[in-house]
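Report on the following structure.
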Amino acid sequence: MEEISINPADNAVQKPIIEFRGVSKTYKTGTHALEDVNIKINKGEFVFVVGSSGAGKSTFMKLIMREEKANTGKIAVNGFDLTKMPRRQVPMLRRTMGIVFQDFRLIPTMNVFENVAFAMHVVGDSGRHVRVEVSKALSKVGLGDKARSMPSQLSGGEQQRVGLARALVNAPDLIIADEPTGNVDPNMSYEIVSLLTEINKRGTTILMVTHDHNLVRDFQHRVIMLDKGKIVADNVGGDI
Amino acid sequence: MKLSSIKYLTGEGFKNVWVNRLMSVASVGVLVACMVIIGLAILISENANVAIGNLEKQNVVMVYMKDYNWALYGDSQADDEDVSASKEETSDSDEAKPDKNGIYESDYIIHNDEEAQELCDKIAKLPNVESVEYISSEEGLETVKESMLEGQEEYFTFLDDEYGNPMSAAAKVKMKDMELFGETIKQIEKLDGVDVIQSQSDLADTIAAIKKGITVAGVWIIAILIIISLVIVSNTIRVTMYNRKLEISIMKAVGATDTFIRVPFIIEGVLIGIISAAIAEVLLYFCYRVATETIVTTLGMSDIVKYSEMALPLFGIFVCIGVLAGAIGSFIIIGKYLKHEGSEFSAL
């Protein structure tokens with residue numbers, strides 16, 4: 001397992017999992033979402049992305065997931081050159097990452113087990129392998145005993161943990177969490193970030209968008225701050 | 001695609017039909033209606049063809065020949081000048097004499113059964129002629145006598161006894177295609193030895209027009225109903241797809257390919273098509289049975305196409321319509337969705 005670096009100064013010697021070089025993104029509406037962004041995120045890092053509304057956080061994440069294309073500059077994620085990537089290869093990129101949504105995105109007609117297994121079926125896994133891996137993922141997030149529960153029977157925090165298990169089950173190198181604590185109470189927020197930190201300690205890179213400054217301060221991870229489409233700070237949490 | 005994925009996606013397609021059962025039932029209902037109408041159009045067209053075929057069989061053309069009886073009784077005035085010229089030539093060279101009725105051999109063209117049969121063979125060789133039956137003057141007279149009402153035969157017996165048989169030898173001609181009726185008549189008229197042709201040209205024209213009308217109407221009805229079927233299935237798939245927006249967004253987020261996302265919807269569409277085809281087949285069977293029983297008992301028609309003869313082709317047509325409507329409808333709708341709205345999974 002690679003050693004985790006939380007010091008941006010060490011980045012030069014690490015292999016970046018995400019790299020932005022001179023990236024700008026302007027939407028058709030004329031909105032300049034990102035302007036000349038240069039950043040490297042190394043394998044095994046835990047990074048908070050912060051910024052006010054309209055700062056460019058969503059665009060930053062969308063560019064990483066290749067939901068949007070940059071107008072200028074180069075983006076590389078997990079060895080994929082996103083600027084040259086054809087549309088048909090996008091699913092392959094996304095299979096290397098797990099995504100956690102603010103609104104959980106659980107399928108209400110499926111139970112917890114099925115919601116997590118769904119992510120494996122989509123990539124062509126089946127049978128015993130699915131059962132084993134889903135059970136492991138649920139155990140990791142502390143929901144081993146809730147496999148048969150329906151999403152409606154779970155609390156917000158538990159639902160988000162199911163979302164996290166789903167993101168984890170395909171063993172991705174990178175987890176992108178888009179305000180995962182946005183819909184849960186403060187105690188549960190700490191629990192979720194603690195869980196993400198645990199996962200990060202096992203080597204998975206975590207990129208988490210948040211508005212919660214307390215979390216940023218308390219967890220002391222690298223923080224990238226965006227404002228008006230530019231990176232205005234890139235430091236360890238307490239310094240923001 | 002892995003076998004496990006195919007199994008999973010097929011299961012999902014079946015599940016979709018059940019989960020969206022209200023829309024599925026609505027689609028099946030409309031599709032069944034369309035298929036039953038298409039089936040009825042096909043059955044009506046098939047029955048019309050059988051009826052027309054029967055009419056065509058009855059629509060024979062009588063080709064009368066320029067034989068001795070034609071020279072004796074027939075309307076040979078128009079040919080008189082030619083005949084008298086040849087008569088003079090013949091009389092000079094062969095010293096031919098007229099018979100007891102004053103008829104020269106050169107007054108007529110068909111002199112015996114062999115020559116009549118030769119003319120029949122020439123007619124039979126024409127491209128649109130299906131069959132030719134030679135009817136001698138004696139047979140012709142018998143037929144006419146048979147068709148007379150009781151007591152009227154004596155009139156012909158009198159003629160037969162006094163002057164001989166007034167009927168000319170004839171060829172009973174059946175044609176293959178009634179649409180080429182006029183053209184074939186012209187070809188027969190050109191043959192040497194042909195006097196007049198008796199035909200029901202109006203009936204031939206009517207038959208050809210009915211046949212054409214049924215074909216054109218049938219094609220239009222089927223084309224319109226296929227389009228309706230396509231639109232109905234597309235709408236069901238569209239509703240299913242919007243109901244499953246969440247699932248699609250998750251699928252895209254975890255790296256599902258467009259094909260993987262498409263397949264369950266296509267299976268759902270195809271399944272709706274197959275279910276509709278099966279129901280339409282059963283429903284049409286009962287509708288047709290009731291209709292034919294009524295027609296047989298009230299109109300006394302017996303030449304009706306049996307459903308058992310048409311059951312398999314009709315089911316094939318229904319399945320094809322259902323499967324194609326389902327597959328094409330789903331493919332287009334989900335394709336459009338994935339290209340536009342479906343590409344954004346993070347901002348659902």
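The values are calculated or read from the model by the stated rules, or taken from the named source; none is laboratory data. Here the structure is a predicted model, which is why all the values come from computation and not from measurement. Heads up, the Cβs are rebuilt from the backbone with ideal geometry, glycines too, and the neighbour counts pull from every protein chain shown.
Report yes if some residue within segment A:175-186 is in contact (Cβ under 8 Å) with a residue 24 or more places away in the chain and assigned to a helix (DSSP H, G or I); otherwise report no.
yes
Would you check if there is a residue in segment B:300-308 being of a type outside the set (Phe, Trp, Tyr) and over 15 Å from B:Glu46 (Cβ atoms)? Yes, that holds for at least one residue.
How about segment B:212-253: which of its residues are more than 14 Å from every other protein chain (Cβ to nearest Cβ) and closer than 25 Å to A:His121 by Cβ?
As a first pass, look at segment B:212-253 and keep what is more than 14 Å from every other protein chain (Cβ to nearest Cβ): B:212-239, B:241-242.
Passing the criteria: B:Thr236, B:Ile237, B:Arg238, B:Val239, B:Met241, B:Tyr242.
Taking the listed residues A:Ser194, A:Ser152, the one that is modelled with pLDDT of 90 or more, more than 20 Å from the chain's Cα centre (by Cα) and among the polar types (S, T, N, Q) is A:Ser152, with no other qualifying. When every residue of segment B:254-275 is checked against the conditions, at least one turns out to be part of a helix (DSSP H, G or I), farther than 23 Å from B:Met23 by Cα and within 14 Å of another protein chain (Cβ to nearest Cβ).
The rows are residues; the columns are (1) farther than 29 Å from B:Tyr73 by Cα; (2) modelled with pLDDT of 75 or more.
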position: B:Leu141; (1), (2): no, yes
position: B:Gly151; (1), (2): no, no
position: B:Val194; (1), (2): no, yes
position: B:Gln198; (1), (2): no, yes
position: B:Ala209; (1), (2): yes, yes
position: B:Ile221; (1), (2): yes, yes
position: B:Ile226; (1), (2): yes, yes
position: B:Val233; (1), (2): yes, yes
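Considering each of A:Gly98, A:Gly157 in turn, give the residue that is closer than 23 Å to A:Met61 by Cβ, of a type outside the set (Lys, Arg) and out of contact with any strand residue (DSSP E or B) (no Cβ under 8 Å at 6 or more places or on another chain). The match here is A:Gly157. When you scan segment A:147-162, do you find a residue that is loosely packed, with under 15 Cβ neighbours inside 10 Å and of a type in the set (Lys, Arg), even just one? Yes, because at least one residue in segment A:147-162 is loosely packed, with under 15 Cβ neighbours inside 10 Å and of a type in the set (Lys, Arg). Considering segment A:126-174 alone, what residues qualify as being over 28 Å from A:Ile18 (Cβ atoms) and among the acidic types (Asp, Glu)? Matches in segment A:126-174: A:Asp145, A:Glu158. A single entry from B:Leu299, B:Leu324, B:Leu314 fulfils the requirement of being surrounded by 18 or more Cβ atoms within 10 Å (Cβ to Cβ) and either assigned by TED's automatic domain parsing to the domain that holds B:Leu40 or modelled with pLDDT of 85 or more (or both): B:Leu314. In segment B:207-227 there is no residue matching the filter, namely being in a helix (DSSP H, G or I), over 15 Å from B:Ser45 (Cα atoms) and not aliphatic (A, V, I, L, M).
Counting only residues that are basic (Lys, Arg) and modelled with pLDDT of 75 or more, give me the helices (runs of 4 or more DSSP H) lying completely in segment B:1-83 with at least 1 of them. In segment B:1-83, B:3-19, B:21-58 are the helices (runs of 4 or more DSSP H) which contain 1 or more residues that are basic (Lys, Arg) and modelled with pLDDT of 75 or more.
When restricted to residues that are at pLDDT below 90 and either under 16 Å from A:Lys28 (Cβ atoms) or at the interface with another protein chain (Cβ under 8 Å from one of its Cβ atoms) (or both), segment A:69-89 contains 1.
Summed over segment B:153-168, residues that are within 20 Å of B:Asp99 (Cα to Cα) and at pLDDT below 65 total 5.
In this structure, B:Thr240 does satisfy being in the same structural domain as B:Leu9 (by TED's automatic domain parsing), crowded, with 20+ Cβ neighbours inside 10 Å and within 26 Å of B:Val32 (Cα to Cα).
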